[in-house]
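Take a look at the structure set out below.
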Amino acid sequence: MKMDYYSISKCRLLLAGLFLLTLPGNLKAQDSRERNYMYPALNPIHEPKPLVTGWATQRVTEKFNRGLTAIQTDSRTVYLSWRLLAEDAPQTSFNIYREEKGKKGTRINKMPQATTTDFKDQLPGKITGVSYYVIPVIAGKEQKPSEKVSVVLSQEFKNYRSIKLQGDYKPQRIALAIDKDVPGCRNWIFWDADKVRESIVSPGYENSMWDRFNVSKLSIVKYKGDTLETKILGSVIMMADLQGDWREELITILPGELRIYATTIPAKDRRVCLMQDPFYRAEIVHRSMGYEQSPVTSYYLGE
């Protein structure tokens, strides 16, 4: 006799009810009905459980520093970016300091930075290396300074941080979804200063759902618009707000090396570090287990 899905579901309910009637009165920790696949136990019958005490009265959070980054963008310009933390008071602004070797740090901003958490420094004279730090300002008073970050000026401008691996390890294989509306699009990232994610594009992968980590060059482009970044080498393994302001970094892998690419486009506003959102952090953990996708926050951030 052929039975439809509705009839099968009714039989499951009847059998579950008959089973409960045969129980001797001792309830189980798990309602047996919950073991049936695709069967919702709306009112599960459980044995009484003791009240659990001792959990934290508030969420335990990781302590973040300012995540200050300094990227040389031309021969005499350094782009700085740092975190706005969830615990910062709404009226918090920042002073930016430059420190030359053997000299005391000097403030390089005329007024406290209040609208964004980034800054472009035009270096004077023949400076070849400097350090930077930022200091929060509340009600006109400077607070605890951030960690320092150093820059050695070079003729080669890199918008990434290189992390060498202990061995010439080579990436294996990953599955990637392709956006058919954007040819070659591998994923999306908050890169510039607006509320719309940009596309991470790899030429030559317009119709493929699978990639063997052999991409030589990536680009970041506006949706049906301008190209914002080119010559990104390696294969994408993650997009995440790891450092600097709220915009995301692009992490790629090459044989024996990890690279963290960061934007140098001036920001238009400031937002709390995304990694301080528990949902976003959980997304990062989930996305790092093999199926790389753009993480999302628990609140509206943009498209």
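The values are calculated or read from the model by the stated rules, or taken from the named source; none is laboratory data. Only a predicted model underlies this, so the values are computations on that prediction, with no experimental measurement involved. As a convention, Cβ positions derive from the backbone with ideal geometry for all residues, glycine included, and neighbour counts pool all protein chains shown.
Set side by side, the residues Tyr133, Tyr169, Tyr160, Tyr97 differ, and just one is within 14 Å of Gln243 (Cβ to Cβ) and either touching a residue at least 12 places away in the same chain (Cβ under 8 Å) or not polar (S, T, N, Q) (or both), which is Tyr160.
Screening Asn26 with (1) modelled with pLDDT under 65; (2) under 30 Å from Ser146 (Cβ atoms); (3) polar (S, T, N, Q) gives one miss only, at (2).
Among the residues of the stretch 218-236, those identified as touching a residue at least 24 places away in the same chain (Cβ under 8 Å) and either of a type in the set (D, E, K, R) or surrounded by fewer than 19 Cβ atoms within 10 Å (Cβ to Cβ) (or both) are Lys222, Tyr223, Lys224, Leu228, Glu229, Leu233. Of all the residues in the stretch 269-297, those that are surrounded by 12 or more Cβ atoms within 10 Å (Cβ to Cβ) and in a loop (DSSP other than H, G, I, E, B) number 12.
Would you confirm whether or not the stretch 101-115 contains a residue that is of a type in the set (Ser, Thr, Tyr), at pLDDT 95 or above and either assigned by TED's automatic domain parsing to the domain that holds Met275 or crowded, with 19+ Cβ neighbours inside 10 Å (or both)? There is no residue in the stretch 101-115 that is of a type in the set (Ser, Thr, Tyr), at pLDDT 95 or above and either assigned by TED's automatic domain parsing to the domain that holds Met275 or crowded, with 19+ Cβ neighbours inside 10 Å (or both).
Report the residue count in the stretch 265-283 for those that are touching an Asp or Glu at 6+ places or on another chain (Cβ under 9 Å) and in contact (Cβ under 8 Å) with a residue 40 or more places away in the chain. Qualifying residue count, the stretch 265-283: 10.
Filtering the stretch 117-141 to residues that are of a type in the set (S, T, N, Q), surrounded by fewer than 19 Cβ atoms within 10 Å (Cβ to Cβ) and not in a strand (DSSP E or B) leaves only Thr128.
Looking only at the stretch 231-264, which residues are assigned to a loop (DSSP other than H, G, I, E, B) and under 16 Å from the mean Cα position of the chain (by Cα)? Passing the criteria: Asp241, Leu242, Gln243, Gly244, Asp245, Trp246, Arg247, Glu248, Ala262, Thr263.
For the stretch 48-89, a tally of residues being modelled with pLDDT of 85 or more and surrounded by fewer than 17 Cβ atoms within 10 Å (Cβ to Cβ) returns 12.
Residues that are modelled with pLDDT of 90 or more and at positive phi are absent from the stretch 196-207 altogether.
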